[in-house]
Amino acid sequence: MRPPSVDDDPTELTLYCLAHAGGSAAPYRRWGSFVPPGCRVVPLELPGHGARLREPLADGLDELVAGLVPTVLSSAGSRFAVFGHSFGSLVAFELSRELSRLGAPPAALIVAGRNCPTGTLSHHPMHQMPDERLLGELSRYGGIPTELRDVPELLRVYLPAIRHDLRLTETYTRSPGPALRVPLSVYAGRRDRLIELPQVFGWAHETTAPFEMTVLSSGHFLLDGEDFRASLTDRLRRVLTAPAPVPAGSPSHTTVRATSAL
């Protein structure tokens, strides 16, 4: 393991990406087609998910984060950012906290589709629902692709990972600790029924560095939208060209970027 060193290329950025509950790293492998030059996308696959499906699921969020830290510290260049969607936002946040504690904070934390860490759930807990009801709820939120919903054998394979991630996010309580000193960006869909915009804005309290919130016209699964991708590309370009990190004790600055159609 190592923190970024002065010998690394300061003009490059590694973007580590974490998926929603039950999701895999596979969709992020296509992000290289639209991120700006100088940005390298590295999806982080969790045990029991995707290509690591045969591995046992982690007991808790702390174990998940501990397993990701060596990967980030050993392969990151001089600058890296962390992105997470929904459940992945929570993992990205806790990973950024741990990396900051170790003296290797990310250049930016970017999250999407989740209320802030101190917020409450905007939906009924689902992780203990019977299979059929759980699948119905997930379908209602757009979380089960049609090709998967129609193949019960595949669904049974993926359900344990979905339940596991839902349990972690639905029972999560933020542990005490200071706000990050990391620029933080959050994306929210105006039609997302799993969030509430005032609670999404609560992410602003999780950093003393610049914060911005972008509201799109989408639902919960917003990552394939052209508006999201254009906004994320712009955000990454600004991270790539940003000056030195905000020093400790500097006042925070908040920007709200409302790009949705009313």
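The values are calculated or read from the model by the stated rules, or taken from the named source; none is laboratory data. Since this is a predicted model, take the numbers as computed values, not measurements. Neighbour counts are summed over all protein chains in view; Cβ atoms, including those assigned to glycine, are modelled from backbone coordinates with ideal geometry. Heads up: the accessible areas ignore ligands, DNA and RNA and are worked out on the full protein's heavy atoms, side chains in. Shrake-Rupley method; radii C 1.70, N 1.55, O 1.52, S 1.80 Å.
Per-structure values
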quantity: Qualifying positions in the stretch 178-201 - open to solvent by 10 Å² or more (accessible area, probe 1.4 Å) and among the small types (Gly, Ala, Ser); calculated: ALA179
quantity: The stretch 75-115: number of residues that are open to solvent by less than 10 Å² (accessible area, probe 1.4 Å) and touching a Gly at 6+ places or on another chain (Cβ under 6 Å); calculated: 4
quantity: Elements of type helices (runs of 4 or more DSSP H) contained in the stretch 96-188, each with 3 or more residues being over 19 Å from SER86 (Cβ atoms) and at pLDDT below 85; calculated: 152-170
quantity: In the stretch 218-256, residue modelled with the lowest pLDDT [restricted to those that are in contact with a helix residue (DSSP H, G or I) (Cβ under 8 Å, 6 or more places away or on another chain) and crowded, with 16+ Cβ neighbours inside 10 Å]; calculated: SER252
quantity: Set LEU134, LEU159: member being surrounded by 17 or more Cβ atoms within 10 Å (Cβ to Cβ), closer than 27 Å to ARG54 by Cα, of a type in the set (A, V, I, L, M, F, W, C) and out of contact with any strand residue (DSSP E or B) (no Cβ under 6 Å at 6 or more places or on another chain); calculated: LEU134
